[in-house]
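Visitor: The following block contains the structure, expressed as C-alpha cells.
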Amino acid sequence: MPTNSFRLALACLALGSVLASPGAQAASPKLESSDVMIPSGDAGIELFVRNKHPAGTDSFPSDRILLYVHGATYPSETAFDLPIEGVSMMDMIATRGFDVYLVDVRGYGRSTRPPEMSQPAAANKPIVSTEVAARDLGTAVDYILKKRGVAKIGVMGWSWGTSIAGLYTSGHNEKVDRLVLYAPQWIRTEPPAPVAANAPPLGAYRLVSKDSAKARWLKGVPDDKQAGLIPPGVFETWADATWATDPDAAKQSPPMLRAPNGVVEDSMNYWAAGKALYDPGKITVPTLILHAEWDADLPSYLAQNYFTQLKNTPYKRMIELSEGTHTVMMEKNRMQFFRELMGFLDEEKPLALK
C-alpha cells in the first residue's frame, strides 16, 4: 500500500505536470502506453483496451488501478485520452501513480463491430444492450485482474457508461474497489418526446454527424458562455479523432458515425418508462458521482435521485461542477473535474474497508 509520503510526492509531481508550462510538463514522469485487443468470449468479437502507467512500474495495488468505459455514442479513447494543452485526462491520472485503462465495448471505437453494423440499420433490431456492454466491461475487468494479480480494481463510467459500470458492479462488488459515475443515467420524470405514429422501428444502429454532436454539446449552455466553454481546437480535434474510429464514416458526405442502438432501446424501455434497469441499492463499494450544472443530456435531478438510491455503499459523495456540460471532462473547467476525481481516488479508505 503506498505511504502517505509516496502519495504526496505523486501529487506534487502531478500538480506540476498539469499546471506548469508546456516545457515543464515535458519533465514530468514518463508514462508507458500499450494497446491490446482481448477476446470478448463471443466468436469474432474483440475488445480494444488501452493502458497507461508510470514507466518502469508493473505492480499496482487495487486502489491504484482504474478502468474507464465510455457513453452511448462515442468511444473511450477520443475523450478520456484526448490531449488538451498537451495532456489527456488519462495522462493526468497515470501521472499520479495510477495504472489506468480504457475499454471500448463492442460496436464502438477500435473494438469489433457486430456484423449487423455492416448491413442497413433497418435490417436488424437494436444491438449492444446495456447487459451486453456490462459483460464486455466485465471481460476487461477480468483481463486486468489477471494481468496485475489483484482481486479488485476501480471502475469509472461516463453517461451510458455509468449504467454499464453500475449494472456490472451491482452484481460483482467483490471485483470493484471504488466506483466513479460521471453523469449517471436514472429514471426520468419529464414526459418522453412524442413519437410519430408512422415512425419506423428502431434499427440496429444510428448515424451521427459532427454538426449534431456540436449542437448536442452546447445544448443548455447560456449564449454568453458558449464561446469560452470548449478550449480552442478541442471540438475539431475530438470530432476528427472520433469519426476516424469508424472505418465507414468517411463513405458518406458529410461523414457519419455509426452508434449501436441497444442503449436507445434500453432508455426507452427503462429510464424513459419510469423503470430502473438495475438496482443501485446492490452497490456496496465506495461511490463518487460527478455531474455538471449545464448537463442537458442527463440533468442534475437524475444524479440527485440516483444518489439517494445508493443505500448500501460504505460511503458515497456527489459533486456538482460549475459551468460545465455533459462533456465537462474536455472543457475549460476540466481541472475541477480532475481535482474532485483524484480527491476521491487518492483518499485513504477507513481501516475497516482495507
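The values are calculated or read from the model by the stated rules, or taken from the named source; none is laboratory data. Model, not experiment: these values are computed from the prediction. Neighbour counts run over all protein chains shown; Cβ positions are idealised from the backbone, glycine included.
Visitor: Tell me, please, whether a residue that is of a type in the set (D, E, K, R), under 26 Å from PRO299 (Cβ atoms) and modelled with pLDDT of 95 or more can be found in segment 225-238.
Guide: There is at least one residue in segment 225-238 that is of a type in the set (D, E, K, R), under 26 Å from PRO299 (Cβ atoms) and modelled with pLDDT of 95 or more.
Visitor: State whether the residues of segment 307-325 include one that is out of contact with any Ser or Thr (no Cβ under 6 Å at 6 or more places or on another chain), within 15 Å of PRO184 (Cα to Cα), among the polar types (S, T, N, Q) and free of Cβ contacts under 8 Å to residues at least 60 places away in the same chain.
Guide: yes
Matching residues to (1) touching a Lys or Arg at 6+ places or on another chain (Cβ under 9 Å); (2) surrounded by 14 or more Cβ atoms within 10 Å (Cβ to Cβ); (3) touching a residue at least 12 places away in the same chain (Cβ under 8 Å):
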| site | (1), (2), (3) |
| --- | --- |
| SER209 | no, yes, yes |
| LEU218 | no, yes, yes |
| VAL221 | no, yes, yes |
| VAL234 | no, yes, yes |
| TRP238 | no, yes, yes |
| THR242 | yes, yes, yes |
| PRO247 | yes, no, no |
| LYS251 | no, no, no |
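Visitor: I would also like to ask the following. Any idea which of (1) among the aliphatic types (A, V, I, L, M); (2) more than 30 Å from GLN119 (Cα to Cα); (3) touching a helix residue (DSSP H, G or I) at 6+ places or on another chain (Cβ under 9 Å) is the one LEU353 doesn't satisfy?
Guide: Condition not satisfied by LEU353: (3).
Visitor: Anything in segment 192-207 that is within 20 Å of PRO299 (Cβ to Cβ) and surrounded by 10 or more Cβ atoms within 10 Å (Cβ to Cβ)? List them, or say none.
Guide: If the condition is that a residue be within 20 Å of PRO299 (Cβ to Cβ) and surrounded by 10 or more Cβ atoms within 10 Å (Cβ to Cβ), then PRO192 is the only one that fits.
Visitor: Those residues that are among the acidic types (Asp, Glu) and over 21 Å from ILE93 (Cα atoms), I need them from segment 299-333; list them, please.
Guide: Hit for segment 299-333 is GLU323, nothing else.
Visitor: Here is a follow-up. Right, ALA133: over 22 Å from PHE307 (Cα atoms), in contact (Cβ under 8 Å) with a residue 12 or more places away in the chain and crowded, with 24+ Cβ neighbours inside 10 Å or not?
Guide: yes
Visitor: I'm trying to understand the selection: among the residues of segment 154-179, which are part of a strand (DSSP E or B), surrounded by 24 or more Cβ atoms within 10 Å (Cβ to Cβ) and β-branched (Val, Ile, Thr)?
Guide: VAL155
Visitor: Name the one entry in SER76, SER88 that is in contact with a His (Cβ under 6 Å, 6 or more places away or on another chain) and either polar (S, T, N, Q) or closer than 17 Å to ARG334 by Cβ (or both).
Guide: Answer to the check: SER76.
Visitor: What's the number of the condition LEU277 fails, among (1) out of contact with any helix residue (DSSP H, G or I) (no Cβ under 7 Å at 6 or more places or on another chain); (2) touching a residue at least 12 places away in the same chain (Cβ under 8 Å)?
Guide: Among (1) out of contact with any helix residue (DSSP H, G or I) (no Cβ under 7 Å at 6 or more places or on another chain); (2) touching a residue at least 12 places away in the same chain (Cβ under 8 Å), LEU277 violates only (1).
Visitor: Filter segment 256-309 down to the residues that are aromatic (Phe, Trp, Tyr) and touching a His at 6+ places or on another chain (Cβ under 9 Å) and list them by number.
Guide: TRP294
Visitor: Taking the condition of a type outside the set (Ser, Thr, Tyr), at pLDDT 95 or above, under 20 Å from GLU77 (Cβ atoms) and in contact with a Pro (Cβ under 8 Å, 6 or more places away or on another chain), does PRO114 pass?
Guide: It is true that PRO114 is of a type outside the set (Ser, Thr, Tyr), at pLDDT 95 or above, under 20 Å from GLU77 (Cβ atoms) and in contact with a Pro (Cβ under 8 Å, 6 or more places away or on another chain).
Visitor: Scan segment 279-309 for residues that are under 15 Å from the mean Cα position of the chain (by Cα) and small (Gly, Ala, Ser) and jot them down.
Guide: The answer is ALA292, and nothing else.
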